[in-house]
1. So, in the stretch 221-246, exactly how many residues are under 19 Å from the mean Cα position of the chain (by Cα) and either crowded, with 20+ Cβ neighbours inside 10 Å or over 30 Å from Val42 (Cβ atoms) (or both)?
2. Identify, from the list Gly173, Gly138, Gly183, the residue that is at positive phi and surrounded by 14 or more Cβ atoms within 10 Å (Cβ to Cβ).
3. Does Ala21 count as touching an Asp or Glu at 6+ places or on another chain (Cβ under 6 Å) and closer than 30 Å to Phe131 by Cβ?
4. Checking Met206 against (1) farther than 27 Å from Gly289 by Cβ; (2) out of contact with any strand residue (DSSP E or B) (no Cβ under 6 Å at 6 or more places or on another chain); (3) within 16 Å of the ligand (Cβ to nearest atom), which single condition isn't satisfied?
5. Quick one: is Val98 of a type outside the set (D, E, K, R) and either in contact with a Phe, Trp or Tyr (Cβ under 7 Å, 6 or more places away or on another chain) or part of a strand (DSSP E or B) (or both)?
6. Against the conditions (1) within 27 Å of Val222 (Cβ to Cβ); (2) among the aliphatic types (A, V, I, L, M); (3) not in a strand (DSSP E or B), where does Ala125 fall short? Just the number, please.
7. If we scan the stretch 144-159, do we find a residue that is away from the ligand (no atom under 15 Å from the Cβ) and aliphatic (A, V, I, L, M)?
8. Checking Arg61 against (1) crowded, with 22+ Cβ neighbours inside 10 Å; (2) within 16 Å of the ligand (Cβ to nearest atom), which test does it fail?
Amino acid sequence: MTTSTGASRTVWLDGVFLPAAEARVSVDDRGFLFGDGAYEVVRVVRGAMFEAERHLRRLDRTLQGIGIGYGRAMELREVAERLLDENRLREDEATVYVQVTRGAASPRTHHFPPAGTRPTAYASAAPFVPFDALRARGAAVVTVPDIRWARCDLKTVNLLPNTLAKQRAVEAGAAEAVFVRDGIVTEGASSNVWGVVRGVLRTHPMTPAILAGVTREVVLEVARERGLPVEEVPLFLEEVRGLEECFLCSTTLDVMPVVSVDGEPVRGGSPGPVARLLQEGLRERMDTGVLAAPR
Ligand code: PDD
């Protein structure tokens, strides 16, 4: 049994649980050479994974979408459960990370490696502290051109535009970067974006231009349960500054109010009631999940 922090944390690599410091991936791995792989991040609340099945189904869909033959995505749930035990992460909040790449093969070729090349599968778990202080004051965001490829619905480890965008945000003192394509707000570098327009909640429709966020789906359900009008319609950048509310959502941000865009205040710079209501609804679901989860 090890602790979840430091070099002694336990990870899982290709079927073996081992200390992180001993885990090794080949220099020929296509995840390393090409960003050729898929990943997921799952939230853990008091030891229980939140919406694990939706995340693992999405992993399976991404793997199929990029032609990686790994039929065991759903089995990673048991791996994650054991990582939570091994790393003593059953009491507080945590995240589980899973990644599957197309595997290692030499010589390096752009095209797929020979048939029979085994995908590399990796999973880890880490403690997590929710961003509640930021939520209370609201987040600043910056906008950046959406220079990504046309299949943003696939959650691949090919994340260079996202890391560059996030760095721009950090340098501007903002919490998130929001991608804009042809005047339309698509999504955040690692979150989905919402607005309230004339009392109606609005978020980008589920197209290949965005990731089908698990949190987005849950927030849509919560909004409908609570009778809030919702439309899956694109938001235009020119509308954003005049929004009644703007917020982000993701596995790690939950529902995060946005109070400024490119330095201009939204809603006079204060978090709004719709974001608060949806955060409460999401949080309720997480806490109910804790009660319902097998332990
Ligand atoms: N990111 N859009 C993008 C581009 C994302 O990377 C994410 C999540 C989301 C929100 O999806 P979900 O609600 O399923 O977390 C939307 C994770 C948290 C990450 O990369 O760390």
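All of the numbers you see were taken from the coordinates with simple rules; none came from a lab. Please read these numbers as outputs of a predicted model, since none were measured by experiment. Here the Cβ is made from the backbone with ideal geometry for all residues, glycine too, and neighbour counts use every protein chain on show.
1. So the answer is 2.
2. Just one listed residue meets the conditions, Gly138.
3. Considered against the rule, which asks whether it is touching an Asp or Glu at 6+ places or on another chain (Cβ under 6 Å) and closer than 30 Å to Phe131 by Cβ, Ala21 comes out as no.
4. Condition not satisfied by Met206: (1).
5. For Val98, the condition - of a type outside the set (D, E, K, R) and either in contact with a Phe, Trp or Tyr (Cβ under 7 Å, 6 or more places away or on another chain) or part of a strand (DSSP E or B) (or both) - is met.
6. Unmet for Ala125, out of (1) within 27 Å of Val222 (Cβ to Cβ); (2) among the aliphatic types (A, V, I, L, M); (3) not in a strand (DSSP E or B): (3).
7. no
8. (1) is the only condition that Arg61 fails.
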